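Just below is one structure, and these are the notes that go with it.
The values are calculated or read from the model by the stated rules, or taken from the named source; none is laboratory data. This is a predicted model, so every value here is computed, not measured. Here the Cβ positions follow ideal geometry from the backbone for every residue, glycine too, while neighbour counts run over all protein chains shown.
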Amino acid sequence: MKAAVVHEFGKPLTVEEVAVPEPGVGQVLVQVETSGLCHTDIHAAHGDWPVKPAPPFIPGHEGVGIVTRVGPGVSNISEGDRVAVPWLGWACGACELCASGWETLCQKARYTGYTVNGGFAEYVVADAPFVGRVPDRIDPLDAAPLTCAGVTTYKAIKVSGARSSDLVAVYGIGGLGHLTVQYAQIAGATVAAVDVVDAKLEMAKRLGAGYTFNAGTSDPVEEIQKLGGADVAVVLAATPKAYEQAFASLRPNGTLVAVALPADDVMRLPIFETVLKGIKIVGSLVGTRVDLAETFELHADGRTHIVRESRRLDDVNDAIRQVEHGEVEARLVFDLRS
């Protein structure tokens, strides 16, 4: 099968022929139709984070496709089912975190496209209990971004506690941010979108953002504070500066939701302001299997819109370059069907 493989951190991926994997006990083999390009895949290929994957490996954690083979012991998935293979590839199911609904934080978890091979390939093996069923009403090109960008931002809005009458500031309007704008509105909130690219702010307006601020030409903190401050600030821009601006834009009793993972992972946190204003800081890591099912359900009901462009897997390195240079409006999705 064809796959895009990381052999060395910081080097171009190699599109090559590798053996089709065999599903083991409790696993399924999925013929990949579409696979989204997430910035996490780029961080993985560069070895940016403290805990690194082990080359050679195949990135990709937004894979969507058809189950072509089921391994022994699989009862919840059948051949012919369309499924999504998300970031959370496996969790133990027995620890306190798993048992209390926080399986994404399981200390024994395995991550698709990071610690196990992912969806930048014509076939991928996945643990059957952790794939998500894709409703027939969802285009596979839409389902791929929903598998990570969607469920991640849906969960971020969930943990933020955003509600009607709230102002939610979204820092970073791209693959994740354009969906955050929509989920915040589904929760009933008004959105203030912040980015440094006017085209992305225009996209946010089209998707219903009440306010847009270009952080390159104005001070988003000052502008948001003129509105009374944000009740919630969700950070999707992978820079410490964005985190510091988001913190400063909050009103008393506001909540900062950390999603983006900058390579430089240190931000300045003013302790006095945190305490005296009662600021809450919450980390949000993707979503559970239930969150993914809800994300798909919302899209199948027409509640969300995916802004995406398709690419060929052979063009993976050019696609990565485009994302790194900010040349993509929202999400790129590899289409492996032709």
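Of all residues in segment 58-80, those that are closer than 25 Å to Val5 by Cα and of a type in the set (Ser, Thr, Tyr) have Cβ atoms under 9 Å from Cβ atoms of residues that are at pLDDT 95 or above and assigned to a loop (DSSP other than H, G, I, E, B), 6 or more apart or on another chain, in Thr68/Glu79; Thr68/Gly80.
Collect the residues in segment 201-233 that are within 22 Å of Glu324 (Cβ to Cβ) and either surrounded by 23 or more Cβ atoms within 10 Å (Cβ to Cβ) or of a type in the set (Asp, Glu) (or both), keeping them in residue-number order. Write out each step before concluding.
If we filter segment 201-233 for residues that are within 22 Å of Glu324 (Cβ to Cβ), which is where we start, we get 201-204, 214-216.
Across segment 201-233, the qualifying residues are Glu202, Ala204.
Residues that are out of contact with any strand residue (DSSP E or B) (no Cβ under 8 Å at 6 or more places or on another chain), without any contact (Cβ under 8 Å) to a residue 24 or more places away in the chain and either under 18 Å from Gly10 (Cα atoms) or aromatic (Phe, Trp, Tyr) (or both) within segment 319-338 comprise Arg321, His325, listed in sequence order.
Sort out for me the strands (runs of 3 or more DSSP E) sitting completely within segment 263-338 that have 2 or more residues that are surrounded by fewer than 18 Cβ atoms within 10 Å (Cβ to Cβ). Before you say what the answer is, go through the steps one by one.
Details: elements: 280-283, 308-311, 331-335.
Where strands (runs of 3 or more DSSP E) fall fully within segment 263-338 and carry at least 2 residues being surrounded by fewer than 18 Cβ atoms within 10 Å (Cβ to Cβ), they are 280-283, 308-311.
Summed over segment 201-218, residues that are more than 18 Å from Leu256 (Cβ to Cβ) and part of a loop (DSSP other than H, G, I, E, B) total 7. Does Gly326 count as modelled with pLDDT under 95 and out of contact with any His (no Cβ under 6 Å at 6 or more places or on another chain)? Yes.
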